[in-house]
């Protein structure tokens, strides 16, 4: 995280005297930087400075999860940090905190906080674990498909590159290496990754981010003819987007494609129903093609017998 300026109301009109500080700062450091006891007290009372632990302070503008992690004596980590960075995680209802081994004065356990006790490359005053460490921890805390979706998301967003992905896997036990070939940085959303993995697990050929003439780029194409667009409310929330999508679907249909648009919550929470619907679509198409071939054969035989 970047250093931030502590918003302490000055004793005198000289804001330039206020230090640029790391994510946390000790009482002693504040005093060394020239903040009087009164200024510190006023800043705490106004909320511009938060006392998170004995002798430890954080800028009051820090997000709540960072303040909570600091109160636990740790750093925002794993799914919580990735969510804050807009990286896809499947489900996260608790705060994940990286804790240094040997930490003292730790608050009592709570169901709302998951503590990850490990050594870290983070500075002692950092409010967040390093991204690579958070990604590796997220792989441990999620099912395999969700872990792949998280890594795809971070890679697509440019937060890591191929070397960073390699570093993530170096931090994980060897059993996680089976996930590496399944990653694809072209996936534009974690939901798309989950859909891709589900389709391939059921034996379908899946092409990713396919450019179709007159249509544009589509999320997934199954077996060369079935377009799967993975819609979410975030990107498909208005009539303008819906109108554009319907026109794209019409152009795709003119070229023989069928388009399905399963919604994100169904892919996440009702994957069997989504896969069942796709299986039925494929089965109906196969039956129709078979019936067409039979009818065509009959017409040819009838014509040849005349």
Legend entry - Residue under evaluation residue 93, criteria (1) in contact (Cβ under 8 Å) with a residue 12 or more places away in the chain; (2) more than 24 Å from residue 30 (Cα to Cα), criterion not met: (1)
Legend entry - Residues (in a loop (DSSP other than H, G, I, E, B) and within 22 Å of the chain's Cα centre (by Cα)) located in region 51-73: 62, 63
Legend entry - Qualifying position, being more than 18 Å from residue 206 (Cβ to Cβ), at pLDDT 95 or above, part of a helix (DSSP H, G or I) and under 34 Å from the mean Cα position of the chain (by Cα), among 273, 241, 265: 273
Legend entry - Pick from region 74-90, criterion surrounded by fewer than 18 Cβ atoms within 10 Å (Cβ to Cβ) and free of Cβ contacts under 8 Å to residues at least 60 places away in the same chain, ranking: farthest from the chain's Cα centre (by Cα): 84
Legend entry - Residues being over 22 Å from residue 69 (Cβ atoms) and either without any contact (Cβ under 8 Å) to a residue 40 or more places away in the chain or in a loop (DSSP other than H, G, I, E, B) (or both) - total across region 136-146: 2
Inset, instruction - Among what's in region 98-123 and is assigned to a strand (DSSP E or B) and surrounded by 15 or more Cβ atoms within 10 Å (Cβ to Cβ), pick the residue that is farthest from the chain's Cα centre (by Cα). - result: 99
Legend entry - Matching option when the condition is under 24 Å from residue 278 (Cβ atoms) and outside any strand (DSSP E or B), among 133, 188: 188
Legend entry - Candidates 39, 31, 53 - the one that is over 30 Å from residue 154 (Cα atoms) and either assigned by TED's automatic domain parsing to the domain that holds residue 127 or exposed (fewer than 15 other Cβ atoms within 10 Å of the Cβ) (or both): 31
Inset, instruction - Select from region 252-262 the residues that are part of a helix (DSSP H, G or I) and touching a strand residue (DSSP E or B) at 6+ places or on another chain (Cβ under 8 Å) and list them in ascending order. - result: 252, 253
Legend entry - Criterion (free of Cβ contacts under 8 Å to residues at least 12 places away in the same chain, under 30 Å from residue 283 (Cα atoms) and either buried (at least 18 other Cβ atoms within 10 Å of the Cβ) or out of contact with any strand residue (DSSP E or B) (no Cβ under 9 Å at 6 or more places or on another chain) (or both)) met by exactly one of 190, 216, 203, 158: 203
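The values are calculated or read from the model by the stated rules, or taken from the named source; none is laboratory data. If you're wondering where the values come from, they're calculated on a predicted model, not measured in any experiment. Neighbour counts run over all protein chains shown; Cβ positions are idealised from the backbone, glycine included.
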